[in-house]
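Enquirer: Below you'll find the structure I mean.
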Number of protein chains: 2
Amino acid sequence: MKRNLLLISNSTNAGEEYLGWCQDLIKDFCLRHNVKDVLFIPYAGVSMGYDVYEQKVKKVFKTLGLNLYSIHKEKDPEEAVKNAKCIAVGGGNTFHLAYELYQNKIMKAIANRAKKGMPYMGWSAGSNIAGPTIKTTNDMPIIEPKSFNCMNLVPFQINPHYTDFFDPKHGGETRDDRLGEFIKIEPNVWVAGIREATALSLEKGNLKLIGRNNKMKVFRGDREAKEYTLKDDINFLMQ
Amino acid sequence: MKRNLLLISNSTNAGEEYLGWCQDLIKDFCLRHNVKDVLFIPYAGVSMGYDVYEQKVKKVFKTLGLNLYSIHKEKDPEEAVKNAKCIAVGGGNTFHLAYELYQNKIMKAIANRAKKGMPYMGWSAGSNIAGPTIKTTNDMPIIEPKSFNCMNLVPFQINPHYTDFFDPKHGGETRDDRLGEFIKIEPNVWVAGIREATALSLEKGNLKLIGRNNKMKVFRGDREAKEYTLKDDINFLMQ
């Protein structure tokens, strides 16, 4: 398994700076893989526009000694993917991200590069699409992508921003209710609910939970949901 | 405008009985339209299965003097829709509902009947699909429907279970953030955020907010979001 992945749950912890909590993870990941230049995919950004999104991320990456450039300014997105040394896919709306990746014909191209070892990082929506489909996103389906299928860089579904939170005054579904529906429909697929301030790292064929929060919750149709900690071996998710 | 619609935000208020808060609305709606028999569409129900779902709703409708029968037991769903005196579409997962309506080839058939005046009621997912698309659902995309397009019984988007709630400890999007993304993509479409314990009623060409909660919030890309009360004229949404 040649893949080098950093799949971050969330860009921003409540009350902290943008990409604040995960700066060191990003820096170390790039350092380990000798990355200087990072191709940024801003397609999940809806409300702020791609230019603003690029600047926002560029500013943080610059402090880490990294040069970030965005695909929306590239003449030929496919060529840009082909030549990238590392790709970072930002968060926002997962449907919009998938829609644009298909529109620009680079969903498969990015997947192919990442499968051959090119360092790939994403946060929130950018982590979500590393799984087989967008079927466990929390986002609103504001636009219809060509397909729900994604990059399949890991064989399990990811639910970023995973939370146990339950509002006793609200009748709508909890996160566990929603994921429970997914595993009812696809009982043989693992789902990794990664809480805020955590990430998944896949390097040298080893999948790890990293970050500040000690737990992740794993769901599957044929068993009870279970918590795993930073110290646990979670490589069963890769099978 | 011949349509007779009762579009309920939520089946269950927290701490109350199933369909408790809206029983009177359903009863009065059926009484006004001389409805005795109701064809139930349980397709949004994922976790409990259609048989259990049917029984759950049947029990409540029986106390209202209504005979409920479910489409999943009908040999020919298209024929059942054609012969129905009234259709009720239950809540659950909107993607699963749309998927099944397309699979069973009755999305258009129900829309056609409702457009010609057959009383239609829905709650949660069942209200959502009365709009042009499922693009403002809160549900998880656990299954990929043939299309995001729905019945267009009203020309505006519905967001059921609308809530202003904001968890200061969570970095994920608020409901307003999500709806803000939708109106950025489709700036000329109205979105009605209907809170729990409210419903929309369309009869004799008159759209009204009804229920226990006094407010709804309306969104559109080219203006500020605005609250409307039970007393306000909201027929601009129909244009």
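The values are calculated or read from the model by the stated rules, or taken from the named source; none is laboratory data. Treat the numbers as computed from the prediction; the structure is a model and nothing was measured. Methodologically, a virtual Cβ is constructed for each residue, glycine included, from the backbone with ideal geometry; neighbour enumeration extends over all protein chains shown. Heads up: the accessible areas ignore ligands, DNA and RNA and are worked out on the full protein's heavy atoms, side chains in. Shrake-Rupley method; radii C 1.70, N 1.55, O 1.52, S 1.80 Å.
Enquirer: If you scan the range B:1-51, which residues turn out to be within 14 Å of chain A (Cβ to nearest Cβ), touching a strand residue (DSSP E or B) at 6+ places or on another chain (Cβ under 8 Å) and over 25 Å from B:Lys105 (Cα atoms)?
Expert: The answer is B:Ser9, B:Asn10, B:Ser11, B:Leu19, B:Trp21, B:Cys22.
Enquirer: In addition: Output yes when any residue across the range B:141-149 is closer than 13 Å to B:Tyr99 by Cα, in contact with a Pro (Cβ under 7 Å, 6 or more places away or on another chain) and aliphatic (A, V, I, L, M), and no when none is.
Expert: No: zero hits.
Enquirer: Now a separate question. Quick check on B:Asn188: is it surrounded by fewer than 23 Cβ atoms within 10 Å (Cβ to Cβ) and on the phi > 0 side of the Ramachandran plot?
Expert: no
Rundown of residues vs (1) over 18 Å from A:Met140 (Cα atoms); (2) open to solvent by less than 30 Å² (accessible area, probe 1.4 Å); (3) over 15 Å from the mean Cα position of the chain (by Cα), yes/no style:
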position	(1), (2), (3)
B:Ala192	no, yes, no
B:Glu196	yes, yes, no
B:Lys208	yes, no, no
B:Glu224	yes, no, yes
B:Glu227	yes, no, yes
B:Lys231	yes, no, yes
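Enquirer: Out of A:Leu39, A:Leu31, I need the residue that is open to solvent by less than 60 Å² (accessible area, probe 1.4 Å) and closer than 19 Å to A:Leu6 by Cβ. Which one?
Expert: A:Leu39
Enquirer: Give me the helices (runs of 4 or more DSSP H) completely within the range A:83-180, filtered to those with at least 3 residues that are within 12 Å of another protein chain (Cβ to nearest Cβ) and open to solvent by 10 Å² or more (accessible area, probe 1.4 Å), ordered by residue number.
Expert: Output list reads A:94-103.
Enquirer: What number of residues within the range A:191-229 are within 14 Å of another protein chain (Cβ to nearest Cβ) and at positive phi?
Expert: Of the residues in the range A:191-229, 2 are within 14 Å of another protein chain (Cβ to nearest Cβ) and at positive phi.
Enquirer: I'm told A:Thr174 meets every condition in (1) at pLDDT below 95; (2) more than 15 Å from A:Asn138 (Cβ to Cβ) except one. Can you identify the failing condition by its number?
Expert: Of everything listed in (1) at pLDDT below 95; (2) more than 15 Å from A:Asn138 (Cβ to Cβ), A:Thr174 misses just condition (2).
Enquirer: Just the residues that are open to solvent by 10 Å² or more (accessible area, probe 1.4 Å) and closer than 15 Å to A:Phe61 by Cα, please, taken from the range A:16-28.
Expert: Within the range A:16-28, A:Glu17, A:Tyr18, A:Gly20, A:Trp21, A:Gln23, A:Asp24, A:Leu25, A:Lys27, A:Asp28 meet the criteria.
Enquirer: Let me ask something else about it. Give all pairs with beta carbons closer than 9 Å in which a residue from the range A:49-61 that is surrounded by 16 or more Cβ atoms within 10 Å (Cβ to Cβ) meets a residue that is among the hydrophobic types (A, V, I, L, M, F, W, C) and part of a helix (DSSP H, G or I); count only pairs at least 6 apart in sequence or on separate chains.
Expert: A:Tyr50/A:Ile71; A:Val60/A:Ile26; A:Phe61/A:Ile26; A:Phe61/A:Cys30
Enquirer: Say we look at the range A:2-57 and pick out the residues that are of a type in the set (Val, Ile, Thr) and over 20 Å from A:Asn112 (Cα atoms); which of these is farthest from the chain's Cα centre (by Cα)?
Expert: Here the answer is A:Val52.
Enquirer: Given (1) of a type outside the set (Lys, Arg); (2) at pLDDT 95 or above; (3) open to solvent by 10 Å² or more (accessible area, probe 1.4 Å), where does A:Asn13 come up short, assuming only one miss?
Expert: (2)
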